[in-house]
Amino acid sequence: MGVLAASADRRSTALSSGAGPDHDNGFCLLYWLRGNGGRAGTQCDGDHGRESERRRFQKRLLIRSVAVGVGVGAAIGVAKILFAWSLAAILVGAYLLALLLTVFSREELVNLAWDSAGVTTGPITVPLLLALGVGLGEAVGAVEGFGILAACSVGPIISVLVSGLWIDWQTRRNLKEIKA
């Protein structure tokens, strides 16, 4: 499957000519060989970084935004289990917020943000978060322990969109100051 994804869109893998000098191509090759060719593009693709840098969205900010989104999503998922919150209410509210932010964001940011939710589908993340949910649910006597992974998936979307809107606002403000 990873080979098909790589051949369908060479820019989605680190093996393409788009991998920038900031990337460790050896690491990217090992990651791809491990069977994650489709997801390797999220971490090793130089195209997102170059496009983002033109608009002042640095790779480091992207990584931090995604990490914060996953962390906040995990915290909300844990709170859902501890306080017996409705998963449907959490997800509907979060995705409505994500859709609202999408309306006000640039297309490049929208593509990057919605694609960043894929970080929660990795071979380490899924079993870890599912085990956390089931174990926590058992420990506190909850009816079920699901919801952490679902909340983690929407977190990066919102955090990347918010970061992008903040950068756009700062850029417009700085341009106004330069013109004034």
- Item | Using θ = phi - 60° and Karplus 6.51 cos²θ - 1.76 cosθ + 1.60, couplings along region 141-152 (whole Hz; Gly, Pro as x) | x, 6, 4, 8, x, 8, x, 5, 5, 5, 5, 5
- Note on the structure: Gyration tensor on Cα atoms of region 99-140, a ≥ b ≥ c root eigenvalues, a/c under 1.5 rounded, else prolate if a/b beats b/c, else oblate, says oblate
- Item | Principal semi-axes in Å for region 55-174 [√(5λ), Cα gyration tensor, largest first] | 30, 14, 10
- Task: Straight distance only, please: which lysines reach the Cα of Lys59 with their own Cα at less than 29 Å, same-chain residues fewer than 8 apart left out?
- Result: Lys176, Lys179
- Message: From the phi angles alone, apply the Karplus equation (6.51, -1.76, 1.60; θ = phi - 60°) to region 134-139 and give each ³J(HN,Hα) in whole Hz, x where the residue is Gly or Pro.
- Response: 5, x, 5, x, 5, 5
- Query: If contacts are Cα pairs under 8 angstrom and at least 6 residues apart, what is the relative contact order of region 119-180 in percent?
  - Reply: 25
- Message: Between Thr171 and Leu130, what is the label-point separation in nm under the 7 Å Cα-to-beta-carbon projection?
- Response: 4.0
- Query: Ranked highest first by the average count of other Cβ atoms within 10 Å around their residues, in what order do 58-66, 130-138 fall?
  - Reply: 58-66, 130-138
- Message: How large are Rg and Dmax for region 70-131 when calculated on the C-alpha trace, in angstrom?
- Response: 13.5, 37
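Coordinate-derived values only; no laboratory data. Fair warning: this is a prediction, and the values are worked out from it, not measured in the lab. Cβ: placed from backbone, ideal geometry, glycine included. Neighbour counts: every protein chain shown.
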